[in-house]
C-alpha cells in the first residue's frame, strides 16, 4: 500500500495491508467484499436500496435507526441485519463470534426457528464465499420460507 | 416490606464486610434477558410494554427466590422514591428517569434487584459488599434458572442471549466491582491503573455508572466483553487477577502515604472531620469527598472518632433523595445543603 498525503504537506508512506488497516486508511478488502456481496443478496431479497434502508421484517426497525440509537428493535434483528452486525459484534467483543457460556434450560425449543434462520444465514454466507450461487439461492429460499412460517 | 422499610438501614452494598472490604466496597453481577416472543423496548408500543411488565413482574414475584421481593412500580412511584432506589444502587439513573411501564423487584436483604423494562426486558442484578462474585453468581444464576422454567428468553446457539444492544449479546453478563481508591489518586497513580484496566478491555467509571465522575474516590471496574467468554471465566479473572491486583496497588500506595507523608495524610483526615463537624451548609459532592479520607483513615486504623457503620450512614443519608426521604418532604438544593449539614453535625455530636 502506498499513500501520498498532501495535507498539510506532501508526505509519502509505504504500509503493509495490516498497518494500513490499523492506521484507519483501509478496511481489509476480503472483509469488505464478502459483506458487499451479502448486502447485494439482502438488497435483492428485501427489494430495498441498501444497508441504510434495510428493515427488519418483524419489527420494522431500519438499520439506519439502529445506527442512530445503538439499540435493536427485536431479537429477529440479529438475523435481519446479520451481515452488517457481525463485524460490529466482533469488534465489540475482542473478536468473539460464538457464545461460550450458559444455555437456558428450556427456551431452546421456542427459539429453534430463530436458530434455524441464523444457521441458514451462515450457510448463505458460505455459499457466497464459495461463489456457489445456485446453493445460495436455495438457502435464500429456505430462509424466506422459515421467516414467513 | 415497603420502600420505607428499606431506607431504615444502609442496605447490603454498604455493610462493609466481605473479602478485601478495606478497599472493595461492593460487587455486582447483572444478567440481561429478553422475552423471545416480544419486541425489544425500542420498538414495543405502550400496550406491549405493559404486557411485558405484567408478565415479568408476576413471574419474578411468584417464583421461589423472589416471592418475598418488594415490587416497585416506577411508572407511578414518586420521584424521591425513585431516586432513593438509585442512591441504593438498586436501579440505574436511566431507569428512574424513563417513562412508561417499568419497575423493579428488590429482595428483603437487598442482595437482589431485578429491573423490568430498562434497556432490556429484564436486568437481573446481584449486589453484595466486599469481593463476593462467586456467591453472587450462584444466587443470580439460580434466579435466572427459575425464571427460564416459565419464560422463553431470546437465545441463539451461536450468539447466546440476544440483547437490545449488541455490546451485551452472548452471556449478557456485566461484572462490576466498586473500589475505594483514595491513595492511588493522592499518589497520582490512578490514571495509570485506569489506563491499564482499559487496555484489558475493562470499563472504569464513577459511582453511578456510565458517564459519572469518581465522586469520593469510588471507581467501578467492569467487563465489556460478553461474547466468546463464559460467565465463570469472566468472574474468575475478576476475583483472581484484576481486583486483587488493583487492591494490591492501593494497599501499597496507602503504605507509601503512611511511611513518607504521615503528617499530610493525618492532616487531610483531620481537616475532613473538622469540616464535617462544623459546616452549616454542605453539598452532597463535598460530603462524599470529605468522607473519602475518613473512610481510608478508618480502614488504616488512623481515625477513631467514629466507625465504619456511621461512615456508611453518613454516606447514604446525606445523598439528596435519602435526605429528603428522612425529612419527609421535598427540598431544593439550597435547603438540602442546610439540612445535610444539620444532619451530619447532629450525627457526629458527642453523645
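Computed across the range A:46-99, the Kirkwood radius stands at 11.5 Å (inverse of mean 1/r, all Cα pairs). Assign one of three labels to chain B, namely rounded, prolate or oblate, based on the Cα gyration tensor with a ≥ b ≥ c the square roots of its eigenvalues; rounded applies when a/c is under 1.5, prolate when it is not and a/b is larger than b/c, and oblate otherwise. Here chain B falls in the oblate category.
Its residue count N fixes a reference of 2.2 N^0.38 Å for the range B:66-120, and the Cα radius of gyration divided by that reference is 1.01. With everything on Cα atoms, drop me the angle between helix B:46-62 and the longest principal axis of chain B, reported from 0 to 90° to the nearest 10. It is inclined by approximately 70 degrees. Can you give the Rg/Rh ratio of the protein assembly as shown, where Rg is from the C-alpha atoms and Rh is the Kirkwood radius? My calculation of the ratio gives 1.03. Where is the GNM fluctuation largest for chain B (alpha-carbon springs, 10 angstrom cutoff): B:113, B:152, B:341? Greatest mean-square fluctuation among the candidates belongs to B:152.
Axis angle, to the nearest 10 degrees, between helix B:333-348 and the longest C-alpha principal axis of chain B: 60 degrees. Cα convex hull, the range B:262-348: 76 Å³ per residue, rounded to a whole number. Among rounded, prolate and oblate, which fits the range B:194-340 when a ≥ b ≥ c are the square roots of the eigenvalues of its C-alpha gyration tensor, a/c under 1.5 means rounded, and a/b larger than b/c means prolate? Cα axes put the range B:194-340 in the oblate bin. Compared with the dominant principal axis of the Cα atoms in chain B, helix B:243-260 is inclined by about 10°. Could you state the number of Å between the C-alpha centres of the range B:222-289 and the range B:180-195? Centre-to-centre (Cα) distance: 8 Å.
Calculated mean residue ellipticity, 222 nm, the protein assembly as shown: -14500 deg cm²/dmol, from DSSP H runs (n ≥ 4) at -39500 (n - 2.57) each, averaged per residue and rounded to 500. In the range B:115-255, the alpha-carbon atoms span a convex hull of 116 Å³ per residue.
A short reminder: the numbers here are calculations on the coordinates, not readings from a lab. Here the structure is a predicted model, which means the values were calculated and not measured.
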